[in-house]
1. From the list Ala211, Ala183, exactly one residue is touching a residue at least 60 places away in the same chain (Cβ under 8 Å), within 24 Å of Glu229 (Cβ to Cβ) and of a type in the set (A, V, I, L, M). Which is it?
2. Return yes or no: is His171 free of Cβ contacts under 8 Å to residues at least 40 places away in the same chain, over 17 Å from the mean Cα position of the chain (by Cα) and not in a loop (DSSP other than H, G, I, E, B)?
3. Can you tell me which residue among Ala22, Ala28 is touching an Asp or Glu at 6+ places or on another chain (Cβ under 6 Å), small (Gly, Ala, Ser) and either surrounded by fewer than 24 Cβ atoms within 10 Å (Cβ to Cβ) or at pLDDT 95 or above (or both)?
4. Being closer than 22 Å to Ala231 by Cα and of a type in the set (Lys, Arg): is that true of Lys76 here?
5. Answer with yes or no whether Glu97 is modelled with pLDDT of 95 or more, farther than 28 Å from Leu252 by Cα and not in a helix (DSSP H, G or I).
6. Here are Gly189, Gly173, Gly182, Gly250: which of them is surrounded by fewer than 18 Cβ atoms within 10 Å (Cβ to Cβ), of a type outside the set (A, V, I, L, M, F, W, C) and at pLDDT below 95?
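The values are calculated or read from the model by the stated rules, or taken from the named source; none is laboratory data. The structure presented is a predicted model; accordingly, all values stated were derived computationally and were not measured. Neighbour counts run over all protein chains shown; Cβ positions are idealised from the backbone, glycine included.
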Amino acid sequence: MEPDGKEVVLITGCSAGGIGHALARAFAAKNCQVVATSRSKVSMGDLEQDPRFFLQELDVLSHDSVQRVVSTVVEKYGHIDVLVNNAGVQCVGPLAEIPLSALQRTFDTNVYGPMRLVQAVVPHMASRRKGKIVNVGSIAALAPGPWAGVYTASKAALHALTDTLRLELRHFGIDVINVAPGAIRSNIGNAVIANYSQMPEWKLYKPFEAAIRARAHFSQGTKSTPSEEFAKKTVAAVLKKNPPAWFSSGHLSTAMAVMYHLPLFIRDFIIKIAMKG
(Lines give C-alpha, C1' and ligand atoms only; values in the text may rest on other atoms or scores of the structure.)
Protein backbone atom coordinates (compact mmCIF):
# COMPACT_ATOMS: atom_id res chain seq x y z
CA MET A 1 0.00 0.00 0.00
CA GLU A 2 1.44 3.39 -1.03
CA PRO A 3 1.49 5.89 1.88
CA ASP A 4 -0.10 8.71 -0.18
CA GLY A 5 3.00 9.02 -2.34
CA LYS A 6 5.20 9.76 0.68
CA GLU A 7 8.77 8.58 0.81
CA VAL A 8 9.18 5.69 3.24
CA VAL A 9 12.14 6.16 5.59
CA LEU A 10 13.41 3.35 7.83
CA ILE A 11 15.56 4.55 10.74
CA THR A 12 17.36 2.44 13.34
CA GLY A 13 18.08 3.55 16.90
CA CYS A 14 15.13 5.88 17.48
CA SER A 15 14.96 5.86 21.29
CA ALA A 16 13.78 9.18 22.75
CA GLY A 17 16.61 11.59 23.51
CA GLY A 18 18.89 10.34 20.75
CA ILE A 19 19.91 11.45 17.26
CA GLY A 20 17.69 8.79 15.64
CA HIS A 21 14.61 10.13 17.40
CA ALA A 22 15.40 13.67 16.21
CA LEU A 23 15.98 12.38 12.67
CA ALA A 24 12.62 10.57 12.75
CA ARG A 25 10.81 13.78 13.68
CA ALA A 26 12.74 15.79 11.06
CA PHE A 27 11.87 13.35 8.26
CA ALA A 28 8.21 13.33 9.36
CA ALA A 29 8.21 17.13 9.24
CA LYS A 30 9.22 16.83 5.58
CA ASN A 31 6.12 14.75 4.81
CA CYS A 32 7.84 11.36 4.92
CA GLN A 33 6.33 8.15 6.27
CA VAL A 34 8.80 7.17 8.98
CA VAL A 35 9.41 3.63 10.17
CA ALA A 36 11.00 4.34 13.56
CA THR A 37 12.76 1.39 15.13
CA SER A 38 14.57 0.56 18.34
CA ARG A 39 15.00 -2.50 20.51
CA SER A 40 11.92 -1.50 22.52
CA LYS A 41 8.77 0.33 21.40
CA VAL A 42 8.49 1.77 24.91
CA SER A 43 11.57 3.93 24.23
CA MET A 44 9.68 5.57 21.34
CA GLY A 45 6.35 5.85 23.16
CA ASP A 46 5.86 9.54 22.39
CA LEU A 47 5.57 8.70 18.66
CA GLU A 48 2.98 5.95 19.13
CA GLN A 49 -0.20 7.93 18.37
CA ASP A 50 1.21 9.94 15.45
CA PRO A 51 0.18 8.47 12.05
CA ARG A 52 3.38 9.77 10.48
CA PHE A 53 5.26 7.05 12.36
CA PHE A 54 5.14 3.26 12.11
CA LEU A 55 6.93 1.83 15.14
CA GLN A 56 8.81 -1.47 14.98
CA GLU A 57 11.05 -3.28 17.43
CA LEU A 58 14.34 -4.06 15.73
CA ASP A 59 17.60 -5.46 17.09
CA VAL A 60 20.44 -4.73 14.65
CA LEU A 61 22.40 -7.62 16.21
CA SER A 62 19.80 -10.11 14.96
CA HIS A 63 19.59 -11.23 11.33
CA ASP A 64 16.07 -12.55 11.91
CA SER A 65 14.90 -9.30 13.50
CA VAL A 66 16.26 -7.25 10.57
CA GLN A 67 14.68 -9.54 7.96
CA ARG A 68 11.33 -9.50 9.77
CA VAL A 69 11.12 -5.71 9.97
CA VAL A 70 12.23 -5.12 6.39
CA SER A 71 9.69 -7.67 5.13
CA THR A 72 6.94 -6.08 7.24
CA VAL A 73 7.70 -2.60 5.88
CA VAL A 74 7.86 -3.73 2.24
CA GLU A 75 4.61 -5.65 2.67
CA LYS A 76 2.90 -2.63 4.24
CA TYR A 77 4.16 0.15 1.97
CA GLY A 78 5.52 -1.66 -1.09
CA HIS A 79 8.94 -0.06 -0.89
CA ILE A 80 11.64 1.55 1.25
CA ASP A 81 13.01 4.81 -0.15
CA VAL A 82 15.55 5.74 2.52
CA LEU A 83 17.45 3.58 5.02
CA VAL A 84 19.13 5.44 7.87
CA ASN A 85 21.61 3.28 9.79
CA ASN A 86 21.78 5.32 12.98
CA ALA A 87 21.79 2.70 15.78
CA GLY A 88 25.16 2.56 17.49
CA VAL A 89 26.94 2.19 20.81
CA GLN A 90 29.87 3.99 22.38
CA CYS A 91 32.72 2.15 24.07
CA VAL A 92 35.21 3.87 26.35
CA GLY A 93 38.39 2.37 27.75
CA PRO A 94 42.11 1.85 27.01
CA LEU A 95 42.68 -0.58 24.14
CA ALA A 96 45.34 -2.56 26.02
CA GLU A 97 42.88 -3.52 28.78
CA ILE A 98 39.36 -3.31 27.35
CA PRO A 99 37.58 -6.70 27.26
CA LEU A 100 37.52 -8.14 23.75
CA SER A 101 33.86 -8.96 24.29
CA ALA A 102 33.15 -5.20 24.53
CA LEU A 103 35.12 -4.60 21.34
CA GLN A 104 33.21 -7.35 19.53
CA ARG A 105 29.83 -6.03 20.66
CA THR A 106 30.73 -2.51 19.50
CA PHE A 107 31.70 -3.73 16.04
CA ASP A 108 28.67 -6.02 15.87
CA THR A 109 26.40 -3.04 16.53
CA ASN A 110 28.24 -0.26 14.67
CA VAL A 111 29.56 -2.20 11.67
CA TYR A 112 27.77 -5.51 11.19
CA GLY A 113 24.43 -4.00 12.24
CA PRO A 114 24.34 -1.51 9.36
CA MET A 115 25.50 -4.20 6.93
CA ARG A 116 22.64 -6.49 8.01
CA LEU A 117 20.22 -3.69 7.11
CA VAL A 118 22.01 -2.87 3.86
CA GLN A 119 21.92 -6.46 2.64
CA ALA A 120 18.25 -6.76 3.57
CA VAL A 121 17.16 -3.52 1.90
CA VAL A 122 19.33 -3.34 -1.25
CA PRO A 123 17.45 -6.05 -3.23
CA HIS A 124 14.21 -4.05 -2.85
CA MET A 125 15.88 -0.76 -3.81
CA ALA A 126 17.77 -2.33 -6.73
CA SER A 127 14.55 -3.80 -8.16
CA ARG A 128 13.12 -0.25 -8.34
CA ARG A 129 16.48 1.29 -9.32
CA LYS A 130 15.86 3.89 -6.64
CA GLY A 131 16.82 4.44 -3.02
CA LYS A 132 19.10 6.12 -0.53
CA ILE A 133 21.23 4.59 2.20
CA VAL A 134 22.48 6.85 4.98
CA ASN A 135 25.17 5.54 7.32
CA VAL A 136 25.74 7.59 10.46
CA GLY A 137 29.44 7.51 11.26
CA SER A 138 31.35 10.01 13.40
CA ILE A 139 33.66 12.94 12.81
CA ALA A 140 35.78 11.49 15.64
CA ALA A 141 36.94 8.78 13.23
CA LEU A 142 38.95 11.42 11.36
CA ALA A 143 41.18 12.13 14.36
CA PRO A 144 41.11 9.19 16.81
CA GLY A 145 42.15 10.04 20.33
CA PRO A 146 42.75 8.08 23.53
CA TRP A 147 40.06 6.18 25.44
CA ALA A 148 37.57 5.79 22.56
CA GLY A 149 39.67 3.73 20.17
CA VAL A 150 37.11 0.95 19.82
CA TYR A 151 34.33 3.37 18.93
CA THR A 152 36.37 5.44 16.46
CA ALA A 153 37.74 2.27 14.81
CA SER A 154 34.19 0.94 14.32
CA LYS A 155 33.07 4.24 12.79
CA ALA A 156 36.16 4.37 10.57
CA ALA A 157 35.26 0.89 9.33
CA LEU A 158 31.71 2.08 8.62
CA HIS A 159 33.07 5.09 6.71
CA ALA A 160 35.19 2.77 4.53
CA LEU A 161 32.26 0.43 3.89
CA THR A 162 30.09 3.43 3.00
CA ASP A 163 32.61 4.69 0.45
CA THR A 164 32.68 1.28 -1.22
CA LEU A 165 28.89 0.91 -1.14
CA ARG A 166 28.52 4.29 -2.83
CA LEU A 167 30.55 3.03 -5.80
CA GLU A 168 29.05 -0.46 -5.91
CA LEU A 169 25.40 0.60 -5.62
CA ARG A 170 25.51 3.55 -8.01
CA HIS A 171 24.77 1.17 -10.90
CA PHE A 172 21.42 0.33 -9.28
CA GLY A 173 20.32 3.94 -8.84
CA ILE A 174 21.02 3.87 -5.09
CA ASP A 175 22.64 6.90 -3.44
CA VAL A 176 24.84 6.26 -0.41
CA ILE A 177 25.51 9.10 2.04
CA ASN A 178 28.09 9.15 4.80
CA VAL A 179 26.84 11.33 7.66
CA ALA A 180 29.51 12.29 10.18
CA PRO A 181 28.03 14.08 13.22
CA GLY A 182 30.15 16.37 15.32
CA ALA A 183 29.41 16.82 19.03
CA ILE A 184 25.63 16.47 19.16
CA ARG A 185 23.64 16.80 22.39
CA SER A 186 21.89 13.50 23.05
CA ASN A 187 21.50 10.77 25.65
CA ILE A 188 24.64 8.98 24.45
CA GLY A 189 26.66 10.30 27.39
CA ASN A 190 24.38 8.56 29.89
CA ALA A 191 24.47 5.36 27.82
CA VAL A 192 28.27 5.41 27.75
CA ILE A 193 28.50 5.83 31.52
CA ALA A 194 26.10 2.89 31.96
CA ASN A 195 28.32 0.74 29.73
CA TYR A 196 31.48 2.05 31.35
CA SER A 197 30.28 1.01 34.81
CA GLN A 198 30.40 -2.61 33.61
CA MET A 199 34.07 -2.39 32.67
CA PRO A 200 36.73 -4.07 34.84
CA GLU A 201 38.98 -2.02 37.09
CA TRP A 202 41.92 -0.76 35.07
CA LYS A 203 45.41 -1.88 36.05
CA LEU A 204 48.01 -0.04 33.98
CA TYR A 205 45.60 2.83 33.38
CA LYS A 206 44.30 3.31 36.91
CA PRO A 207 45.97 6.76 37.16
CA PHE A 208 43.98 7.86 34.10
CA GLU A 209 40.59 6.88 35.53
CA ALA A 210 39.24 10.43 35.69
CA ALA A 211 40.33 11.26 32.13
CA ILE A 212 38.86 8.03 30.77
CA ARG A 213 35.56 8.65 32.51
CA ALA A 214 35.51 12.26 31.25
CA ARG A 215 35.80 10.97 27.66
CA ALA A 216 32.30 9.55 27.98
CA HIS A 217 30.94 13.09 28.30
CA PHE A 218 33.29 14.73 25.78
CA SER A 219 30.61 15.21 23.11
CA GLN A 220 28.04 16.51 25.61
CA GLY A 221 29.53 19.86 26.54
CA THR A 222 27.67 23.16 26.78
CA LYS A 223 28.59 24.01 23.17
CA SER A 224 27.27 20.72 21.74
CA THR A 225 24.79 21.12 18.88
CA PRO A 226 21.14 20.29 19.76
CA SER A 227 20.05 17.04 18.09
CA GLU A 228 17.02 18.77 16.52
CA GLU A 229 19.24 21.30 14.75
CA PHE A 230 21.57 18.57 13.48
CA ALA A 231 18.63 16.43 12.33
CA LYS A 232 16.99 19.26 10.39
CA LYS A 233 20.18 20.00 8.42
CA THR A 234 20.90 16.32 7.81
CA VAL A 235 17.41 15.55 6.53
CA ALA A 236 17.53 18.56 4.17
CA ALA A 237 20.78 17.21 2.69
CA VAL A 238 19.56 13.61 2.41
CA LEU A 239 16.28 14.52 0.69
CA LYS A 240 18.00 16.47 -2.10
CA LYS A 241 17.57 15.00 -5.57
CA ASN A 242 21.35 14.59 -5.73
CA PRO A 243 22.43 14.18 -2.09
CA PRO A 244 26.06 14.73 -1.08
CA ALA A 245 28.32 11.70 -0.66
CA TRP A 246 29.57 13.16 2.63
CA PHE A 247 27.67 15.35 5.07
CA SER A 248 29.00 16.59 8.39
CA SER A 249 27.44 19.00 10.85
CA GLY A 250 27.64 19.90 14.50
CA HIS A 251 30.02 21.31 17.08
CA LEU A 252 33.71 20.51 16.41
CA SER A 253 32.95 18.95 13.00
CA THR A 254 35.01 21.56 11.14
CA ALA A 255 37.84 21.43 13.66
CA MET A 256 38.07 17.64 13.43
CA ALA A 257 38.04 17.76 9.64
CA VAL A 258 40.94 20.22 9.72
CA MET A 259 42.84 18.02 12.18
CA TYR A 260 42.54 15.11 9.76
CA HIS A 261 44.85 16.99 7.37
CA LEU A 262 47.41 18.06 9.96
CA PRO A 263 50.76 16.30 10.37
CA LEU A 264 50.40 13.49 12.86
CA PHE A 265 52.76 14.96 15.46
CA ILE A 266 50.67 18.16 15.56
CA ARG A 267 47.39 16.25 15.72
CA ASP A 268 48.73 14.03 18.53
CA PHE A 269 49.82 17.11 20.48
CA ILE A 270 46.40 18.77 20.18
CA ILE A 271 44.51 15.61 21.16
CA LYS A 272 46.86 14.97 24.10
CA ILE A 273 45.99 18.39 25.52
CA ALA A 274 42.27 18.17 24.75
CA MET A 275 41.75 14.66 26.11
CA LYS A 276 44.53 14.37 28.66
CA GLY A 277 45.93 11.37 26.81
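1. The unique qualifying residue is Ala183.
2. yes
3. On inspection, the qualifying residue turns out to be Ala22.
4. no
5. yes
6. Gly189
Conditions (1) part of a loop (DSSP other than H, G, I, E, B); (2) farther than 30 Å from His79 by Cα; (3) not basic (Lys, Arg), marked per residue:
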{"position": "Ala191", "(1), (2), (3)": "no, yes, yes"}
{"position": "Lys232", "(1), (2), (3)": "no, no, no"}
{"position": "Asn242", "(1), (2), (3)": "yes, no, yes"}
{"position": "Met259", "(1), (2), (3)": "no, yes, yes"}
{"position": "Lys272", "(1), (2), (3)": "no, yes, no"}
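So that you can scan it fast, the table gives a plain yes or no per residue for (1) surrounded by fewer than 21 Cβ atoms within 10 Å (Cβ to Cβ); (2) small (Gly, Ala, Ser); (3) assigned to a loop (DSSP other than H, G, I, E, B):
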{"residue": "Val70", "(1), (2), (3)": "no, no, no"}
{"residue": "Arg105", "(1), (2), (3)": "yes, no, no"}
{"residue": "Gly113", "(1), (2), (3)": "no, yes, no"}
{"residue": "Tyr151", "(1), (2), (3)": "no, no, no"}
